Amino acid sequence: MPAPEGGTTKERKGKKPHKNKPTSKKYAKYSNGKREGKICPRCGAGIFLAIHKDRMHCGKCKYTEFVKQVK
Ligand SMILES: [Zn+2]
């Protein structure tokens, strides 16, 4: 179905005013475009390991890397 030229559709009435949503904590892991954490060696770039207390885990391929804790 072709989009109408100009794309002017009637504005809907009763629009809710835009509220500022709190920024997702998901993006707090990103800094300067890079994300903290380790890249999955199996899946490659783009897939990060979830960091747990004693291990890192890939949710995609179930790769788990145990972290040696130095105490
Ligand atoms: Zn993986």
State all residues of segment 41-59 that are more than 16 Å from Lys26 (Cα to Cα) and not acidic (Asp, Glu); if no residue qualifies, say none. Pro41, Arg42, Cys43, Gly44, Ala45, Lys53, Arg55, Met56, His57, Cys58
In segment 21-66, what residues are at pLDDT below 85, more than 16 Å from the ligand (Cβ to nearest atom) and in a loop (DSSP other than H, G, I, E, B)? Lys21, Pro22, Thr23, Ser24, Asn32, Gly33, Glu36
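The values are calculated or read from the model by the stated rules, or taken from the named source; none is laboratory data. Please read these numbers as outputs of a predicted model, since none were measured by experiment. Ideal geometry is used to build each Cβ from the backbone, glycine not excepted, and the neighbour counts take in all protein chains shown.
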